[in-house]
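Heads up: the structure comes next, in structure tokens.
The values are calculated or read from the model by the stated rules, or taken from the named source; none is laboratory data. Given the structure is predicted, the values throughout are model-derived calculations rather than measurements. Cβ placement follows ideal geometry from the backbone for every residue including glycine, while neighbour counts extend to all protein chains displayed. In case anyone asks, the SASA skips ligands and DNA or RNA and just uses the protein heavy atoms, side chains included. Shrake-Rupley method; radii C 1.70, N 1.55, O 1.52, S 1.80 Å.
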Amino acid sequence: MFSKILIANRGEIALRILRACKELGISTVAVHSTADANAMHVRLADESVCIGPPAARDSYLNIPQILAACEITGADAVHPGYGFLSENARFAEILEAHNIVFIGPTSDHIKIMGDKIQAKQTAKDLGIPVVPGSDGAVTPADDAHAIAAKIGYPVLVKAASGGGGRGMKVAKTEADLDNAMSTARSEAKAAFGDDALYMEKYLGKPRHIEIQVLGDGKGNAVHLGERDCSLQRRHQKVLEEAPSPCLNTEQREKIGEIVANAMRKLKYRGVGTVEFLYENGEFFFIEMNTRLQVEHPVTEMITGIDLVNEQIRIAAGGSLEMTQEDIRFEGHAIECRINAEDPRTFMPSPGTITYYHPPGGLGVRVDSGVYQGYKIPPYYDSLIGKLIVHGRNRVECLMRLRRCLDEFVVDEIKCTIPLFRDLVDNQDIANGQYDIHWLENYLAEAPES
Ligand code: ADP
């Protein structure tokens, strides 16, 4: 087992990882920018190293500085969290070259899944159902119109290196295609430095359902069920739940086994998430994330499995200690992402938290690094915490969530708690009837409470 882990991240996830390390008896190193010197994970870590000024490219994305922090502190492994360097294959390789363990999959697997065209081909070869679309990239030399006509309109033009919903454009009819291609190409070039595009059938009313997997890199892998992340705004997840209100045990086992088998064949190591769109009873692969997800706690709440603990154990060479039959799904869990944003306009609202009171009680988990007097820096994403609630069934979970949202106080900044208070009282949410467009339609129509 490792003796010292460096946590190359910030905010709630840095604290989440730190907690897992402490429970395993592993020393922790926090790295931070000058803007995060007072962050909770920095205060609680055994050691901390300032790695640069506020801008992420000079600190949390600064590989030489992070490497230097490893050398100075003698850390033998790095946990990258999510975002930042978590899906950077070069970072994984550099650490390896310095005999420091990257807590994550092999750099080859990161590379394959980081290129969406390659990822889709790999998924297909492994027996995972994919969205119908172009065979690989659509280059300027290709006849895009012929390809789109074959797929059938509407089509979605996507960037091979895409992420965060960027470089994605819908062409409803043939008349939109040239424009969609050229805007997606320039957006992709600007955001990712790679303008490779591909095309997919645009699904009208799908749900976003993803399967959590865990593998040990030796050919053993299990699935930990699904998360329904259909409540999105601008392709960003807002609320996640498990199990999905629209799947039954048989459907879950079927898709879960397809994915777990694929991971066994791939000899995948660590945690990963295979994302699907789900429409009319069918699953369509869209991408795989080779890291821990923001919404991982909902899976932990229904399985009782600590995913970060498993990541660390496996990175240290451990084998999977559970079989698929050992995994039991108990009750229902929902996560609300608390962002420091206006709950309607979603404009960021950084500032100082003058009063903070998180909810508590049975089945309640708050993952957050904030505290009374904490100053939210304006330089990073606006996620300040996550409220995760568990109940014996979905109804109990929603009742508990409503109670928790009433208790939760985060003053004087604006945050998304009022939006969730409205959502728990909505009939469609109570019925579990929503697709990936539901939230945007709701926000466009609903009166402000
Ligand atoms: P990114 O990596 O940019 O987040 P994804 O491929 O994961 O891109 O897709 C993000 C979101 O975009 C999905 O959750 C879904 O809402 C929407 N989306 C992606 N592909 C399709 C598709 N073929 N049809 C309809 N919506 C899609």
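Observations on the model:
- Criterion (in contact with a helix residue (DSSP H, G or I) (Cβ under 9 Å, 6 or more places away or on another chain), hydrophobic (A, V, I, L, M, F, W, C) and either over 24 Å from Asp108 (Cβ atoms) or open to solvent by 40 Å² or more (accessible area, probe 1.4 Å) (or both)) met by exactly one of Ala137, Ala123: Ala137
- For the range 295-331, the tally of residues that are closer than 23 Å to Leu247 by Cβ and open to solvent by 20 Å² or more (accessible area, probe 1.4 Å) stands at 13.
- Residue within the range 402-413 that is assigned by TED's automatic domain parsing to the domain that holds Ser244, in contact with a helix residue (DSSP H, G or I) (Cβ under 6 Å, 6 or more places away or on another chain), modelled with pLDDT under 95 and over 20 Å from Asn38 (Cβ atoms) present: no
- Just one of the listed residues (Leu239, Leu203) is within 24 Å of Ile429 (Cα to Cα), modelled with pLDDT of 95 or more, open to solvent by less than 30 Å² (accessible area, probe 1.4 Å) and within 9 Å of the ligand (Cβ to nearest atom), namely Leu203.
- Residue count for the range 333-346, restricted to those that are surrounded by 11 or more Cβ atoms within 10 Å (Cβ to Cβ) and out of contact with any Pro (no Cβ under 7 Å at 6 or more places or on another chain): 9.
- Restricting Ile100, Ile151, Ile112 to residues that are under 26 Å from Asn261 (Cβ atoms) and either among the β-branched types (Val, Ile, Thr) or in contact with a Ser or Thr (Cβ under 7 Å, 6 or more places away or on another chain) (or both) narrows the list to Ile112.
Yes/no per residue for (1) over 23 Å from Met40 (Cα atoms); (2) touching a residue at least 24 places away in the same chain (Cβ under 8 Å); (3) loosely packed, with under 15 Cβ neighbours inside 10 Å:
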| site | (1), (2), (3) |
| --- | --- |
| His357 | no, yes, yes |
| Gln372 | no, no, yes |
| Leu383 | no, yes, no |
| Arg400 | yes, yes, no |
| Val409 | no, yes, yes |
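- Residues that are surrounded by 15 or more Cβ atoms within 10 Å (Cβ to Cβ) and either not aliphatic (A, V, I, L, M) or not assigned by TED's automatic domain parsing to the domain that holds Val395 (or both), drawn from the range 242-252: Pro243, Ser244, Pro245, Cys246, Gln251, Arg252
- Selection count, the range 116-156, where residues are within 12 Å of the ligand (Cβ to nearest atom), within 15 Å of Leu197 (Cβ to Cβ) and in contact (Cβ under 8 Å) with a residue 60 or more places away in the chain: 7
- Given (1) more than 16 Å from the ligand (Cβ to nearest atom); (2) under 22 Å from Gly165 (Cβ atoms); (3) acidic (Asp, Glu); (4) under 21 Å from the mean Cα position of the chain (by Cα), number of the condition Glu295 does not satisfy: (1)
- When the test is whether a residue is over 15 Å from the mean Cα position of the chain (by Cα), at pLDDT 95 or above, within 16 Å of the ligand (Cβ to nearest atom) and over 23 Å from Val101 (Cβ atoms), Cys246 passes it.
- Residue pairs whose Cβ atoms lie under 6 Å apart, sitting 6 or more positions apart in sequence or on different chains, and linking a residue in the range 161-173 that is within 9 Å of the ligand (Cβ to nearest atom) to a partner that is among the charged types (D, E, K, R) and assigned to a strand (DSSP E or B), are Met168/Lys158.
- Hits in the range 85-115 (condition: away from the ligand (no atom under 16 Å from the Cβ), under 19 Å from the mean Cα position of the chain (by Cα) and open to solvent by 20 Å² or more (accessible area, probe 1.4 Å)): Thr106, His109
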